[in-house]
Amino acid sequence: MLPAPNESNNEVETDRGVFMISVAAQLANMHPQTLRMYEARGLIEPQRSPKGTRLYSQEDVDRLRRIQEMTAELGLNLAGVERVLDLELEIQEMHSRIEEIELQALEAQVRLAEELEQVRRSFRAELVVPHRGGAALVRAQDARSPFRALPGHRQRSAAPRPGQPGGGPDAA
């Protein structure tokens, strides 16, 4: 969708090569020959136009300024600058990897919590609190009904006892 005519799109892609070497050198406060030397050392990789002209992006200019800061203010030589830039890249990659691992750990934690809840639900279906005799949990298949006889025990006679209503002639 195109922006409305009265809206301005002032955002520029920072990784797109738009500056020729003379402009990039001026923006980075250095001589164009220095840029060529940095390119030869592999510290900077400008894009190329179809005709082969070097085109520097805003990210390239920022990197050139960073290189200049390390050499002028910190006193590093170009080998030191190269090592620092490599280590910074390595750190950035490690941070990305840590974020990936943290995401994987979080996903695993969610899966484990869901599985734990499923196990708890299955145990709730299998476990009951006995009607009498405390709060101990027993498996549903082991729970005894107060109306069933225990295995190996004799069941009482269904006939009324003496002294109870309907207990016969001796009933009181």
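List of remarks:
- Checking each residue in the range 23-46 for being of a type in the set (A, V, I, L, M, F, W, C) and in a loop (DSSP other than H, G, I, E, B) picks out ALA28, MET30, LEU43, ILE44.
- Matching residues, the range 43-62, being charged (D, E, K, R) and within 35 Å of the chain's Cα centre (by Cα): GLU45, GLU59, ASP60, ASP62
- Residue check, GLU13 surrounded by 10 or more Cβ atoms within 10 Å (Cβ to Cβ), more than 28 Å from ALA79 (Cβ to Cβ) and at pLDDT below 85: yes
- Only one entry of LEU103, LEU64 meets the criterion of being aliphatic (A, V, I, L, M), within 20 Å of THR14 (Cα to Cα) and either outside any helix (DSSP H, G or I) or out of contact with any Pro (no Cβ under 8 Å at 6 or more places or on another chain) (or both), and that entry is LEU64.
The values are calculated or read from the model by the stated rules, or taken from the named source; none is laboratory data. Bear in mind that the values here come from a model prediction, so they are computed numbers and not experimental data. Every residue, glycine among them, receives a Cβ derived from its backbone with ideal geometry; neighbour counts consider all protein chains shown.
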